[in-house]
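Notes for the one structure printed next.
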Amino acid sequence: QVHVAESGGGLVHPGGSLKLSCVVSGTDFSLTSVGWHRQAPGKQRELVALLTAANNMNYAESVKGRFTVSRDNAQNLVNLQMNSLQPEDTAIYYCLIIDRGQLYWGLGTQVTVSS
């Protein structure tokens, strides 16, 4: 059974940084695509960043140049480094694993950007 767990959310001032992490178990992690989505209050869940097993990356336009997704296959870990955070980045951030066509989500971690 695939298990996905995020950590690292919190409150940060505008212009600040946060690093989210996601640990995955129950799958051959190196063969999966991994990524992050987010959902702000009253809005639909949206893609933030996606990283395939072949290390192809895809970012939402709104986070390009500020966010970086990375993976550590030895530790089954997905990271999202978020810099220059703005209030509009406030959302619940969800880790996503795509394993042989199946999607697995974590429970999410809250990121709040506020002065």
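The values are calculated or read from the model by the stated rules, or taken from the named source; none is laboratory data. Since the model is a prediction, treat every value here as computed from it, not as a measurement. Positions of Cβ are backbone-derived with ideal geometry, glycine not excepted, and every protein chain shown enters the neighbour counts. Heavy atoms of the whole protein, side chains included, go into the accessibility calculation; ligands, DNA and RNA do not. Shrake-Rupley method; radii C 1.70, N 1.55, O 1.52, S 1.80 Å.
Tabulated data for the structure shown
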read-out: Solvent-accessible ranking of S115, S17, largest area first, probe 1.4 Å; value: S115, S17
read-out: Long-range amide H partners of T90 with built H, under 5 Å; value: V113
read-out: Surrounding net charge for T32, when Lys and Arg each add one and Asp and Glu each subtract one, Cβ distance under 12 Å; value: 0
read-out: FRET efficiency, 1/(1 + (r/R0)^6) with R0 30 Å, evaluated for K43 and V2 via beta carbons; value: 0.65
read-out: Phi-based couplings in Hz for segment 88-97 (Karplus 6.51, -1.76, 1.60; Gly and Pro marked x); value: 6, 7, 4, 4, 8, 9, 10, 7, 10, 10
read-out: Centre separation in Å (Cα based) which lies between segment 90-108 and segment 8-81; value: 9 Å
read-out: Relative contact order (%) - criterion: Cα under 8 Å, at least six apart; region: the chain; value: 37 percent
read-out: Estimated inter-spin distance, L103 and A74, nm [label 7 Å along Cα→Cβ]; value: 3.3 nm
read-out: Spacing of the two label points (7 Å from each Cα toward its C-beta) at Q81 and A53, in nm; value: 2.6 nm
read-out: Solvent-accessible area of L77 with every protein chain in place, 1.4 Å probe, in Å² to the nearest 10; value: 40 Å²
read-out: Rounded percent of accessible protein surface that carbon and sulfur make up, the chain, 1.4 Å probe; value: 49 percent
read-out: Among R45, R71, R100: highest mean-square fluctuation, GNM of the chain, C-alpha pairs under 10 Å; value: R100
